[in-house]
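Here the structure comes first, spelled out in structure tokens, and everything after it is commentary.
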Amino acid sequence: MTHPTQGKAAPIVPPKPQGRLKAALDSDIFYSWRRSPVTVVATIVALSLILIAVLAPWIAPHNPFNPASLNLMDGFTPPMTENQFTGNSYLLGTDNQGRDVLSSIMYGSRISLFVGAMATAFAITLGVTLGLVAGYNGGMIDGIIMRIADIQLSFPGILIALLIFGIARGLIPANQQESMAIWVLIIAIGLSNWAQFARTVRGATMVERQKDYVSAARIMGVHPFLILLRHVLPNVLGPVLVIGTIGLALAIIEEATLSFLGVGVPPTQPSLGTLIRIGQQFLFSGEWWILLFPALTLILLALSVNLLGDWLRDALNPKLR
């Protein structure tokens, strides 16, 4: 007697779809990340500094920007040393006004990260938009946008930011300058860095617009705005992500440079650059810690983000896989 199932092919069971987390862990990018010890350490350092900055109001030992909580007798207290007048001890010491250096770094990192992230986001938005328009349309529009980008790229970004910051401060009423200083700084840094995004996106868009899927969308009568948004933009975001990561580190350094020069954030909301400017005044008088610890924090933050950008550039390059 023949069994009913004999001679019949076994039913094909489709594989279960992977979850997003498992798919991410099995991806080439995650494999590249875990195989690079430098990138892993850079990720841990960057995430730790970002987390500390975000949670500063809750985990900082003191509020260094509250004048009521300051005691001038605590000024110039060395790290992990008991003050001879008040008996207070601070892990990283205090500055000339008695502010806890550790708390100042936590709060200052918040401002530096906020300005850097917002300025980078503004530069990406402006640069990607202009790059898409220039690369897709070509002609006179492309020429005008690229010539403006070429002129801007011929000058250092810090000089462009200084010029834009000075013009904006001159247009804002005196009674609103301090409250608007951070936003003016964000716009100045963003306008000084959009050109590199525009040039990169323009080149990628010129390649993408020649492909069949774009031609098919044109024949179907799809509006050019929708073609750029739905078809071209997703295919040019890879290089933008890499440049944006590296640009974040550069924006943080640019903000610190402007604040060090005294044209950045107001003294009531000092960033890492402002803390470094304050600390360098006392470097040769023996109070080395006021400068050293904010400078080390800025170096670690910028270096870790920059290393992540370098790794991301290699990880997203199919030729290096």
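The values are calculated or read from the model by the stated rules, or taken from the named source; none is laboratory data. Just so you know, these numbers come straight off a predicted model, no measurement behind them. Glycine gets a Cβ as well: all are built from the backbone with ideal geometry, and neighbour counts include every protein chain shown. Note: accessible area is taken over every heavy atom of the protein model, side chains too, but ligands, DNA and RNA are not part of it. Shrake-Rupley method; radii C 1.70, N 1.55, O 1.52, S 1.80 Å.
Things worth noting here:
- Filter pass, Leu226 being over 23 Å from Phe114 (Cα atoms) and outside any loop (DSSP other than H, G, I, E, B): yes
- For first residues located in the range 93-106 and under 10 Å from Trp289 (Cα atoms) and in a loop (DSSP other than H, G, I, E, B), partners that are open to solvent by 10 Å² or more (accessible area, probe 1.4 Å) and hydroxyl-bearing (Ser, Thr, Tyr) and lie 6+ apart or on another chain with Cβ distances below 8 Å form the pairs Gly93/Thr81.
- Some residue of the range 179-188 being within 22 Å of Gln269 (Cα to Cα) and not aliphatic (A, V, I, L, M): yes
- Among the residues of the range 251-263, none qualifies, meaning not one is over 26 Å from Arg313 (Cα atoms), open to solvent by less than 30 Å² (accessible area, probe 1.4 Å) and out of contact with any Gly (no Cβ under 6 Å at 6 or more places or on another chain).
Residue-by-condition table, conditions (1) under 24 Å from Val128 (Cβ atoms); (2) in contact with a Ser or Thr (Cβ under 6 Å, 6 or more places away or on another chain); (3) in contact (Cβ under 8 Å) with a residue 60 or more places away in the chain; (4) open to solvent by less than 50 Å² (accessible area, probe 1.4 Å):
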position: Leu162; (1), (2), (3), (4): no, no, yes, no
position: Gln177; (1), (2), (3), (4): no, no, no, yes
position: Ser192; (1), (2), (3), (4): yes, no, yes, yes
position: Gln196; (1), (2), (3), (4): yes, no, yes, no
position: Ala204; (1), (2), (3), (4): yes, no, yes, yes
position: Lys211; (1), (2), (3), (4): yes, no, no, no
position: Ser215; (1), (2), (3), (4): yes, no, no, yes
position: Met220; (1), (2), (3), (4): no, no, no, no
position: Arg230; (1), (2), (3), (4): yes, no, no, no
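- Some residue of the range 150-158 being of a type in the set (Asp, Glu), open to solvent by less than 80 Å² (accessible area, probe 1.4 Å) and within 29 Å of Leu261 (Cβ to Cβ): yes
- Exclusive hit being more than 27 Å from the chain's Cα centre (by Cα) and among the polar types (S, T, N, Q), set Asn63, Asn83: Asn83
- The residue list Tyr107, Tyr136 contains one member that is of a type outside the set (A, V, I, L, M), open to solvent by less than 50 Å² (accessible area, probe 1.4 Å) and more than 20 Å from Leu298 (Cβ to Cβ), which is Tyr136.
- Residue count for the range 264-285, restricted to those that are assigned to a loop (DSSP other than H, G, I, E, B) and open to solvent by less than 40 Å² (accessible area, probe 1.4 Å): 6.
- Any hit, the range 122-140, residues being in a helix (DSSP H, G or I), closer than 30 Å to Pro57 by Cα and not β-branched (Val, Ile, Thr): yes
- Any hit, the range 237-244, residues being within 22 Å of the chain's Cα centre (by Cα), open to solvent by 40 Å² or more (accessible area, probe 1.4 Å), at pLDDT below 90 and closer than 30 Å to Gln97 by Cβ: no
- Unique match (being among the β-branched types (Val, Ile, Thr) and within 30 Å of Ile186 (Cβ to Cβ)) among Ile219, Ile299, Ile227: Ile299
- Of the numbered criteria (1) under 18 Å from Gly135 (Cα atoms); (2) part of a helix (DSSP H, G or I); (3) open to solvent by 30 Å² or more (accessible area, probe 1.4 Å), the one Leu248 fails is (1).
- Screening the range 62-104 for residues that are of a type in the set (Val, Ile, Thr) and surrounded by fewer than 17 Cβ atoms within 10 Å (Cβ to Cβ) and picking the one that is modelled with the lowest pLDDT gives Thr86.
- Looking across the range 291-307, the residues that are surrounded by fewer than 20 Cβ atoms within 10 Å (Cβ to Cβ) and free of Cβ contacts under 8 Å to residues at least 24 places away in the same chain come down to Leu292, Ala295, Leu296, Ile299.
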